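A.B. asks: The structure is given below, and queries will be raised subsequently.
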Amino acid sequence: MATLTKKTLAGFAAAGAMALVLSGCAGGSAEVAEEATDEPAETEETAEAPEELDFLACAVSDEGSWNDKSFNEAVYDGLQQAEAELGVQVAEAESNTPEDFAPNLQAMVDADCDVIFGVGFGLIEDINASATANPDKSFVTVDGSSEGQENLKPVQYRMNESSYLAGYLAAAYSTTKTVGTYGGMQIPSVTDFMDGYYYGAMAYAEETGEEVTVVGWNPMEETGDFIGDFVPNSATSKSIAASQLEDGADVIFPVGGDQFGATSEAISEAGAEAVMIGVDKDIALTSPEYAPYVLTSAEKRMTSATFDIVSDLSGGSEFSSEPYIGTLENDGTDLSPFYEFDSEVSQETKDRLVEIKQGIIDGDIDPLS
C-alpha cells in the first residue's frame, strides 16, 4: 500500500487539504484518509524550508515502485526536490499492478492536483484517457506519448545519444572486445538504449580496426535478449547476464530498471573481470553497493525534467503540451562520471568521448548508424 510521507501529509494539513492514501492492495482503488495532524519535528531543514506555495504536484508510478532505482525513483526525486526547494505540495500514488493506473490517476484528479505526472510507457493509454476526460487538468507523461491533447505534455529522451557514448566506451574498455546488453521488454524506450550502445561499439571497431562483438542485441534484425518484464533482479535477468559472460562479454549494459543486483551477482559468481553500465540514474552514486561494478551510467535525467516542469508551472508559466526532449545538448541525458574506474579509462578514450559528444550535438555523428 502506498502512502504519502509524513512531511507531505503535514504539508497537506497546513494547506487545509485532505491527504490521499492510494491503495494498490484492493484492486487499485483510491481511499481517502483522515486529515493529518502530526507536525514534523523542528529541524534545521524545516526551519529553512521555503514559503509554502499553493501548488500541488502529483505523480502516479507504474508497477516498478518509487524505489526502483530507475525512472520511477527519478521522477519521485524530482517531486521531493520541488517540495524542498520550491515549497510546493506533493502527492504520489504507487501502483502495484496495471489495474491501479486508472484509479490512481483519477484519485489525483479528485485531489485537484495542479499537475499530474504519469511515469512510464505502461501508463500511456490511461493517462491519455484521463487527459481527454479532464481537459481542465494538466498532465505529464514521462517516457510516454500524447494523442494530441493540449493538456498532456510528453517527456521523452534520445537515449541513443548517451548510449552511443556508452557503447564506444564499453568497446574501448573491454579486453575481450565482446560487450553485452539486454533489456526488460522489447519496446522502443528500451531498444533506443540498446541501439545507441550497439552503434557506439561498432564505431570504436571501425575507428580502430579491432573486431568488436555485441551480444544481446542486433538492431538490424531486431533480435536480442529480453527478460520479458521489469521485475527487479529476477532469476531470468541473472541468467541472461551469466550467459553473456559465458559468451565472453566483460562489459554488460542491462536496460530494464534495477537489474544491477542480478548483473553484479552474475559477475561475482562467474569470477569474471567484468563490469556493467547503469541506466536512468547515476547508479554508482545512488546505489553505492554496486559501485565496484559500475563503469558508468547512461543517465535519463528525469529528476531534472520533473523539477523544471514543476518549477515553471508553480512560478506562473502557462502549461505547454510541447514535448520535452532530453538530449546531450540540453543535458537531459549524458554519461555519469567514471569514479573508481577513472584511472582505468585512457585519456585518449576520454578525449574521444568529448569529441563524439560534440559531434552528436552538432549533427555530424548519427548515433543510430
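The values are calculated or read from the model by the stated rules, or taken from the named source; none is laboratory data. From a predicted model like this one, the values you see are computed outputs, not experimental measurements. Neighbour counts are summed over all protein chains in view; Cβ atoms, including those assigned to glycine, are modelled from backbone coordinates with ideal geometry. Side chains included, ligands, DNA and RNA excluded: accessible areas come from the protein's heavy atoms. Shrake-Rupley method; radii C 1.70, N 1.55, O 1.52, S 1.80 Å.
A.B. asks: Just to check your reading of the model, which residue among K69, K137 is more than 24 Å from P323 (Cβ to Cβ) and of a type in the set (K, R)? Break it down into steps so the answer makes sense when it comes.
C.D. replies: Numbers: K137 fails: more than 24 Å from P323 (Cβ to Cβ).
Going through K69, K137 in turn, just one is more than 24 Å from P323 (Cβ to Cβ) and of a type in the set (K, R): K69.
A.B. asks: If you take the residues of the stretch 153-184 that are closer than 23 Å to A262 by Cα and of a type in the set (A, V, I, L, M, F, W, C), which of them is farthest from the chain's Cα centre (by Cα)?
C.D. replies: The selected residue is A171.
A.B. asks: Another question, if that's okay. Return the pair list, or none, for Cβ contacts closer than 9 Å from residues in the stretch 279-294 that are at positive phi to residues that are of a type in the set (K, R) and buried (at least 24 other Cβ atoms within 10 Å of the Cβ), at least 6 apart or on different chains.
C.D. replies: The qualifying pairs are D280/K69; D280/K300.
A.B. asks: Also, I was wondering about something else. Given the structure, is G148 at positive phi, of a type in the set (G, A, S) and more than 17 Å from the chain's Cα centre (by Cα)?
C.D. replies: Working: at positive phi: yes; of a type in the set (G, A, S): yes; more than 17 Å from the chain's Cα centre (by Cα): yes.
Yes.
A.B. asks: Contact list please: Cβ distance under 7 Å, first residue in the stretch 188-213 and modelled with pLDDT of 95 or more and of a type outside the set (D, E), second residue open to solvent by 30 Å² or more (accessible area, probe 1.4 Å) and in a helix (DSSP H, G or I), pairs at least six apart or on different chains.
C.D. replies: V212/M202
A.B. asks: Go through (1) open to solvent by 10 Å² or more (accessible area, probe 1.4 Å); (2) not in a loop (DSSP other than H, G, I, E, B) one by one and return the number of the condition A171 breaks.
C.D. replies: So A171 meets the others, but not (1).
A.B. asks: Name the one entry in I227, I252, I187, I240 that is hydrophobic (A, V, I, L, M, F, W, C) and touching an Asp or Glu at 6+ places or on another chain (Cβ under 6 Å).
C.D. replies: On the way: I227 fails: touching an Asp or Glu at 6+ places or on another chain (Cβ under 6 Å); I252 fails: touching an Asp or Glu at 6+ places or on another chain (Cβ under 6 Å); I187 fails: touching an Asp or Glu at 6+ places or on another chain (Cβ under 6 Å).
Criteria check complete, one pass: I240.
A.B. asks: Next question. Among (1) surrounded by fewer than 24 Cβ atoms within 10 Å (Cβ to Cβ); (2) in contact (Cβ under 8 Å) with a residue 60 or more places away in the chain; (3) within 23 Å of P188 (Cα to Cα), where does E83 come up short?
C.D. replies: Here E83 meets the rest and fails (3).
A.B. asks: Within the stretch 146-155, is there a residue that is outside any helix (DSSP H, G or I), touching a Leu at 6+ places or on another chain (Cβ under 7 Å), of a type outside the set (V, I, T) and surrounded by fewer than 24 Cβ atoms within 10 Å (Cβ to Cβ)? Working first, answer last.
C.D. replies: If we filter the stretch 146-155 for residues that are outside any helix (DSSP H, G or I), which is where we start, we get 146-155.
Restricting the remaining residues to those that are touching a Leu at 6+ places or on another chain (Cβ under 7 Å) gives 146.
Then keep just the ones that are of a type outside the set (V, I, T); that gives 146.
Now drop any that are not surrounded by fewer than 24 Cβ atoms within 10 Å (Cβ to Cβ), which leaves 146.
Taking every residue of the stretch 146-155 in turn, at least one turns out to be outside any helix (DSSP H, G or I), touching a Leu at 6+ places or on another chain (Cβ under 7 Å), of a type outside the set (V, I, T) and surrounded by fewer than 24 Cβ atoms within 10 Å (Cβ to Cβ).
A.B. asks: Which of the strands (runs of 3 or more DSSP E) contained wholly in the stretch 235-332 include at least 2 residues that are of a type in the set (A, V, I, L, M) and open to solvent by less than 50 Å² (accessible area, probe 1.4 Å)? Reasoning before the result, please.
C.D. replies: Numbers: elements: 251-255, 275-280, 294-300, 324-326.
Hits in the stretch 235-332: 251-255, 275-280, 294-300.
A.B. asks: Can you tell me which residues in the stretch 338-365 are loosely packed, with under 12 Cβ neighbours inside 10 Å and either among the hydrophobic types (A, V, I, L, M, F, W, C) or within 26 Å of A82 (Cβ to Cβ) (or both)?
C.D. replies: V354
A.B. asks: Still on this structure, I have one more. Could you list, in sequence order, all residues of the stretch 106-118 that are more than 20 Å from the chain's Cα centre (by Cα) and either of a type in the set (G, A, S) or open to solvent by less than 30 Å² (accessible area, probe 1.4 Å) (or both)? Before the answer, list the steps.
C.D. replies: Of all residues in the stretch 106-118, those more than 20 Å from the chain's Cα centre (by Cα) come to 106-114.
The answer is A107, M108, V109, A111, C113.
A.B. asks: Is it the case, given these coordinates, that T191 is out of contact with any strand residue (DSSP E or B) (no Cβ under 6 Å at 6 or more places or on another chain) and either surrounded by fewer than 24 Cβ atoms within 10 Å (Cβ to Cβ) or closer than 28 Å to D62 by Cβ (or both)? Explain how you work it out, then say what you get.
C.D. replies: Details: out of contact with any strand residue (DSSP E or B) (no Cβ under 6 Å at 6 or more places or on another chain): yes; either surrounded by fewer than 24 Cβ atoms within 10 Å (Cβ to Cβ) or closer than 28 Å to D62 by Cβ (or both): yes.
Yes; evaluated as a whole, the condition is true for this residue.
A.B. asks: Also, I was wondering about something else. Tell me whether the stretch 354-361 contains one or more residues that are without any contact (Cβ under 8 Å) to a residue 24 or more places away in the chain, over 18 Å from V142 (Cα atoms) and of a type in the set (K, R). Steps first, answer last, please.
C.D. replies: Quick first cut of the stretch 354-361, residues without any contact (Cβ under 8 Å) to a residue 24 or more places away in the chain only: 354-355, 358-359.
From the residues that got through so far, the ones that are over 18 Å from V142 (Cα atoms) too are 354-355, 358-359.
Those left that are additionally of a type in the set (K, R): none.
No, the conditions are met nowhere in the stretch 354-361.
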